[in-house]
Amino acid sequence: MSELQIISATVCPYAQRTRMVLHEKELDFEVVEIDLKNKPDWFNDVSPYSKVPVLRHDGRTIYESAVINEYLEEVFQSPPMMPDDAAGRALARIWIEYCNSQFCSLFYKVLLSQDAVEQKELAEKLIGVLHFIENEGLQKLQGDGDYWMGDAPGLVDFTFFPFFERFPALTHYRGISMPEECQRLINWIEVMSKRSSAVDTGNPAPFYIKNYSRYADGSANGVTAREMKSRLA
(Lines give C-alpha, C1' and ligand atoms only; values in the text may rest on other atoms or scores of the structure.)
Protein backbone atom coordinates (compact mmCIF):
# COMPACT_ATOMS: atom_id res chain seq x y z
CA MET A 1 0.00 0.00 0.00
CA SER A 2 1.18 3.52 -0.79
CA GLU A 3 2.32 5.66 2.13
CA LEU A 4 -0.72 7.83 1.40
CA GLN A 5 -4.10 6.32 0.62
CA ILE A 6 -7.35 8.18 0.06
CA ILE A 7 -10.68 6.43 0.17
CA SER A 8 -12.78 8.38 -2.28
CA ALA A 9 -15.85 8.49 -4.52
CA THR A 10 -15.61 10.31 -7.83
CA VAL A 11 -18.99 11.99 -7.51
CA CYS A 12 -18.25 13.45 -4.06
CA PRO A 13 -17.11 17.11 -3.98
CA TYR A 14 -15.62 16.68 -0.51
CA ALA A 15 -13.40 13.86 -1.73
CA GLN A 16 -12.39 15.88 -4.79
CA ARG A 17 -11.15 18.64 -2.49
CA THR A 18 -8.59 16.36 -0.94
CA ARG A 19 -7.61 14.67 -4.18
CA MET A 20 -6.90 18.13 -5.65
CA VAL A 21 -4.67 19.02 -2.70
CA LEU A 22 -2.79 15.72 -3.02
CA HIS A 23 -2.24 16.44 -6.72
CA GLU A 24 -1.16 20.03 -6.11
CA LYS A 25 1.40 18.92 -3.54
CA GLU A 26 2.68 16.34 -6.06
CA LEU A 27 2.34 13.52 -3.57
CA ASP A 28 2.38 9.83 -4.41
CA PHE A 29 -0.94 8.43 -3.27
CA GLU A 30 -3.26 5.52 -3.84
CA VAL A 31 -6.96 6.04 -4.53
CA VAL A 32 -9.43 3.49 -3.22
CA GLU A 33 -12.70 4.20 -5.01
CA ILE A 34 -15.93 3.07 -3.35
CA ASP A 35 -19.54 3.08 -4.43
CA LEU A 36 -21.47 5.32 -2.04
CA LYS A 37 -24.67 3.43 -2.87
CA ASN A 38 -23.06 0.09 -2.00
CA LYS A 39 -20.34 0.73 0.57
CA PRO A 40 -18.02 -2.16 1.44
CA ASP A 41 -18.43 -3.79 4.85
CA TRP A 42 -15.07 -2.51 6.08
CA PHE A 43 -15.83 1.15 5.31
CA ASN A 44 -17.60 2.04 8.56
CA ASP A 45 -14.60 0.75 10.49
CA VAL A 46 -12.45 3.52 8.99
CA SER A 47 -15.12 6.19 8.57
CA PRO A 48 -17.32 6.60 11.66
CA TYR A 49 -19.53 9.10 9.80
CA SER A 50 -19.76 6.76 6.78
CA LYS A 51 -18.47 9.55 4.53
CA VAL A 52 -15.61 10.09 2.11
CA PRO A 53 -12.89 11.16 1.97
CA VAL A 54 -10.80 9.18 4.40
CA LEU A 55 -7.01 9.53 4.46
CA ARG A 56 -4.68 6.80 5.61
CA HIS A 57 -1.13 7.89 6.33
CA ASP A 58 1.66 6.49 8.45
CA GLY A 59 -0.65 4.18 10.34
CA ARG A 60 -3.20 6.92 11.01
CA THR A 61 -6.73 7.30 9.71
CA ILE A 62 -8.09 10.82 9.27
CA TYR A 63 -11.52 11.87 8.05
CA GLU A 64 -13.46 15.06 7.25
CA SER A 65 -12.10 16.84 4.17
CA ALA A 66 -11.28 20.19 5.83
CA VAL A 67 -9.35 18.41 8.58
CA ILE A 68 -7.55 16.16 6.10
CA ASN A 69 -6.50 19.14 3.99
CA GLU A 70 -5.06 21.00 6.97
CA TYR A 71 -3.28 17.82 8.02
CA LEU A 72 -1.71 17.54 4.56
CA GLU A 73 -0.72 21.21 4.74
CA GLU A 74 1.03 20.68 8.07
CA VAL A 75 2.79 17.45 7.13
CA PHE A 76 3.65 18.29 3.51
CA GLN A 77 4.40 22.00 3.53
CA SER A 78 5.39 22.48 -0.11
CA PRO A 79 3.84 24.22 -1.87
CA PRO A 80 2.24 26.18 0.99
CA MET A 81 -1.54 26.47 0.77
CA MET A 82 -2.22 28.63 3.81
CA PRO A 83 -1.01 32.19 4.54
CA ASP A 84 2.21 32.42 6.54
CA ASP A 85 0.73 34.68 9.22
CA ALA A 86 -1.77 33.81 11.93
CA ALA A 87 -4.31 36.45 10.87
CA GLY A 88 -4.18 35.28 7.27
CA ARG A 89 -4.67 31.65 8.30
CA ALA A 90 -7.61 32.65 10.46
CA LEU A 91 -9.18 34.45 7.50
CA ALA A 92 -8.67 31.40 5.30
CA ARG A 93 -10.38 29.22 7.92
CA ILE A 94 -13.28 31.67 8.09
CA TRP A 95 -13.88 31.19 4.36
CA ILE A 96 -13.49 27.42 4.59
CA GLU A 97 -16.11 27.41 7.33
CA TYR A 98 -18.33 29.71 5.27
CA CYS A 99 -18.15 27.28 2.38
CA ASN A 100 -19.08 24.34 4.58
CA SER A 101 -21.82 25.98 6.65
CA GLN A 102 -23.39 28.37 4.13
CA PHE A 103 -22.57 27.67 0.50
CA CYS A 104 -22.54 23.85 0.56
CA SER A 105 -25.67 23.73 2.67
CA LEU A 106 -27.63 25.88 0.23
CA PHE A 107 -26.22 23.99 -2.75
CA TYR A 108 -27.76 20.76 -1.48
CA LYS A 109 -30.94 22.29 -0.09
CA VAL A 110 -31.84 23.90 -3.42
CA LEU A 111 -31.41 20.57 -5.17
CA LEU A 112 -33.26 18.53 -2.57
CA SER A 113 -36.26 20.78 -2.03
CA GLN A 114 -39.39 19.52 -3.79
CA ASP A 115 -41.52 22.59 -3.02
CA ALA A 116 -41.56 25.26 -5.73
CA VAL A 117 -41.95 28.18 -3.33
CA GLU A 118 -39.17 26.90 -1.10
CA GLN A 119 -36.94 26.28 -4.11
CA LYS A 120 -37.37 29.91 -5.15
CA GLU A 121 -36.54 31.18 -1.66
CA LEU A 122 -33.47 28.94 -1.40
CA ALA A 123 -32.31 29.93 -4.88
CA GLU A 124 -32.50 33.61 -3.91
CA LYS A 125 -30.45 32.90 -0.80
CA LEU A 126 -27.87 31.06 -2.89
CA ILE A 127 -27.59 33.98 -5.31
CA GLY A 128 -27.04 36.20 -2.27
CA VAL A 129 -24.22 33.93 -1.15
CA LEU A 130 -22.62 34.17 -4.61
CA HIS A 131 -22.70 37.96 -4.37
CA PHE A 132 -21.22 37.78 -0.87
CA ILE A 133 -18.38 35.60 -2.20
CA GLU A 134 -17.80 38.07 -5.02
CA ASN A 135 -17.84 41.24 -2.91
CA GLU A 136 -16.61 40.20 0.52
CA GLY A 137 -14.30 37.44 -0.58
CA LEU A 138 -12.69 37.74 -3.99
CA GLN A 139 -12.94 41.51 -4.40
CA LYS A 140 -11.30 42.17 -1.03
CA LEU A 141 -8.77 39.35 -0.96
CA GLN A 142 -7.64 38.59 -4.52
CA GLY A 143 -5.80 41.79 -5.26
CA ASP A 144 -4.25 41.36 -8.70
CA GLY A 145 -4.01 37.59 -8.29
CA ASP A 146 -6.16 34.91 -9.89
CA TYR A 147 -6.91 33.02 -6.71
CA TRP A 148 -8.98 33.53 -3.58
CA MET A 149 -6.19 35.04 -1.53
CA GLY A 150 -3.79 36.28 -4.17
CA ASP A 151 -1.29 34.89 -6.64
CA ALA A 152 -1.23 31.24 -5.58
CA PRO A 153 -4.03 28.72 -5.00
CA GLY A 154 -4.68 27.63 -1.44
CA LEU A 155 -6.97 25.53 0.68
CA VAL A 156 -9.81 28.02 0.30
CA ASP A 157 -9.73 27.59 -3.48
CA PHE A 158 -9.76 23.81 -3.25
CA THR A 159 -12.52 23.88 -0.66
CA PHE A 160 -14.93 25.79 -2.88
CA PHE A 161 -14.05 24.68 -6.40
CA PRO A 162 -15.57 21.16 -6.53
CA PHE A 163 -19.00 22.62 -5.84
CA PHE A 164 -18.65 25.12 -8.67
CA GLU A 165 -17.63 22.29 -10.98
CA ARG A 166 -21.00 20.74 -10.06
CA PHE A 167 -22.89 24.02 -10.53
CA PRO A 168 -24.28 22.89 -13.93
CA ALA A 169 -26.52 20.49 -11.99
CA LEU A 170 -28.14 23.49 -10.27
CA THR A 171 -28.57 25.20 -13.63
CA HIS A 172 -30.05 22.09 -15.22
CA TYR A 173 -32.48 21.14 -12.45
CA ARG A 174 -33.26 24.47 -10.78
CA GLY A 175 -32.51 27.06 -13.47
CA ILE A 176 -29.89 28.86 -11.38
CA SER A 177 -27.22 30.65 -13.40
CA MET A 178 -24.09 32.40 -12.29
CA PRO A 179 -24.87 36.14 -11.91
CA GLU A 180 -23.23 38.12 -14.72
CA GLU A 181 -22.07 40.77 -12.26
CA CYS A 182 -19.97 38.19 -10.36
CA GLN A 183 -17.10 38.55 -12.84
CA ARG A 184 -14.33 37.79 -10.36
CA LEU A 185 -16.08 34.58 -9.40
CA ILE A 186 -16.64 33.63 -13.05
CA ASN A 187 -12.98 34.29 -13.86
CA TRP A 188 -11.84 32.35 -10.78
CA ILE A 189 -13.90 29.31 -11.82
CA GLU A 190 -12.33 29.41 -15.28
CA VAL A 191 -8.80 29.66 -13.87
CA MET A 192 -9.39 26.84 -11.39
CA SER A 193 -10.97 24.58 -13.97
CA LYS A 194 -7.78 24.68 -16.04
CA ARG A 195 -5.46 23.54 -13.25
CA SER A 196 -4.15 20.04 -13.76
CA SER A 197 -5.52 18.98 -10.38
CA ALA A 198 -9.02 19.93 -11.55
CA VAL A 199 -8.58 18.24 -14.91
CA ASP A 200 -7.22 15.06 -13.30
CA THR A 201 -9.97 14.78 -10.66
CA GLY A 202 -12.94 16.37 -12.41
CA ASN A 203 -15.72 15.37 -14.78
CA PRO A 204 -17.79 17.12 -17.46
CA ALA A 205 -21.16 18.70 -16.70
CA PRO A 206 -23.27 15.76 -18.02
CA PHE A 207 -21.66 13.48 -15.43
CA TYR A 208 -22.89 15.66 -12.56
CA ILE A 209 -26.29 16.26 -14.12
CA LYS A 210 -26.79 12.51 -14.28
CA ASN A 211 -25.43 11.78 -10.82
CA TYR A 212 -27.37 14.56 -9.08
CA SER A 213 -30.71 13.55 -10.58
CA ARG A 214 -31.71 11.70 -7.40
CA TYR A 215 -31.03 14.83 -5.37
CA ALA A 216 -33.20 16.84 -7.74
CA ASP A 217 -36.14 14.42 -7.60
CA GLY A 218 -35.80 13.95 -3.84
CA SER A 219 -34.98 10.24 -3.92
CA ALA A 220 -31.35 10.55 -2.77
CA ASN A 221 -30.88 8.78 0.56
CA GLY A 222 -27.16 8.93 1.27
CA VAL A 223 -25.62 10.37 4.42
CA THR A 224 -25.30 13.91 3.03
CA ALA A 225 -28.78 13.83 1.51
CA ARG A 226 -30.33 12.68 4.78
CA GLU A 227 -28.51 15.38 6.73
CA MET A 228 -29.65 18.13 4.36
CA LYS A 229 -33.22 16.81 4.21
CA SER A 230 -33.42 17.00 7.99
CA ARG A 231 -32.51 20.69 7.79
CA LEU A 232 -35.29 21.29 5.27
CA ALA A 233 -37.91 19.68 7.50
## Note on the structure
Lys and Arg at +1, Asp and Glu at -1: neighbours of residue 218 with Cβ under 15 Å from its Cβ sum to +2
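Going by the alpha-carbon gyration tensor, a ≥ b ≥ c the square roots of its eigenvalues, is the chain rounded (a/c under 1.5) or, if a/c is not under 1.5, prolate (a/b greater than b/c) versus oblate?
Numbers: a/c = 1.75, a/b = 1.08, b/c = 1.62.
It comes out oblate by the Cα gyration axes.
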#### Entry: Peptide ranges 5-11, 72-78, 155-161, 132-138 listed from the most packed, as the mean C-beta count within 10 angstrom indicates
155-161, 5-11, 132-138, 72-78
### Task
Rounded, prolate or oblate: pick one for the range 121-202, where a ≥ b ≥ c are the square roots of the eigenvalues of its C-alpha gyration tensor, a/c under 1.5 means rounded, and failing that, prolate if a/b is larger than b/c, else oblate.
oblate
### Task
Find the accessible area per residue for the chain; the probe is 1.4 Å, ligands and nucleic acids are left out, and the unit is Å².
48 Å²
### Message
Give me the percent of accessible area attributable to carbon and sulfur for the chain, probe 1.4 angstrom.
### Response
48 percent
### Summary
Between residue 30 and residue 77, the FRET efficiency computed from the C-beta separation at R0 = 22 Å comes out, to the nearest 0.05, as 0.55
### Task
Pairs of lysines 8 or more apart, or on different chains, with alpha carbons under 16 Å: count those in the chain, would you?
6
### Cut-off under 5 Å, modelled amide H: who pairs with residue 32 long-range
6, 7, 8
### Query
So what's the back-of-envelope 222 nm ellipticity for the chain, counting only DSSP H runs of four-plus at -39500 (n - 2.57) apiece and dividing by all residues, rounded to 500?
-15000 deg cm²/dmol
### Message
Can you tell me the length gained on complete extension of the stretch residue 232 to residue 199, counting 0.36 nm per residue apart and subtracting the Cα distance?
### Response
8.5 nm
### Query
With each label point set 7 Å from Cα along the Cα-Cβ vector, what nm distance links residue 45 and residue 140?
4.8 nm
### Message
With the cut-off at 1.5 for a/c, could you classify the range 14-60 from its C-alpha gyration tensor as rounded, prolate or oblate?
### Response
prolate
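Defining a contact as two alpha carbons under 8 Å apart and six or more residues distant in sequence, what relative contact order in percent does the chain show?
22 percent
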### Once exposed loop trypsin sites (Lys or Arg not before Pro) are cut out (DSSP; at most 13 other Cβ, 10 Å), longest piece of the chain
38-193
### Cut-off 18 Å, label 7 Å out along Cα→Cβ of residue 89, residues of the range 51-70 by amide N
66-70
### Query
How big is the shadow of the Cα convex hull of the range 67-180, averaged over all directions, in nm²?
7.6 nm²
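Below 8 Å, C-alpha to C-alpha, sequence gap of six or more: please give me the relative contact order for the range 30-88 in percent.
Reported as a whole number, the value is 16 percent.
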### Query
Which of 133, 83, 205 sits farthest toward the positive end of the charge dipole of the chain, with +1 on the Cβ of Lys and Arg and -1 on the Cβ of Asp and Glu?
205
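With r defined as the distance between the Cβ atoms of residue 60 and residue 116 and R0 fixed at 45 Å, what FRET efficiency is calculated, to the nearest 0.05?
With a Förster radius of 45 Å, E is 0.45.
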### Message
How many angstrom lie between the Cα centre of the range 137-186 and the Cα centre of the range 27-79?
### Response
25 Å
### Query
Given a Förster radius of 35 Å and the C-beta distance between residue 132 and residue 38 as r, what FRET efficiency does 1/(1 + (r/R0)^6) yield to the nearest 0.05?
0.40
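The values are calculated or read from the model by the stated rules, or taken from the named source; none is laboratory data. Source: prediction; values computed, not measured. FYI the Cβ positions are ideal-geometry reconstructions off the backbone, even for glycines, and counts take in every protein chain you see. We work out accessible area using only protein heavy atoms, side chains counted, and drop any ligands, DNA or RNA first. Shrake-Rupley method; radii C 1.70, N 1.55, O 1.52, S 1.80 Å.
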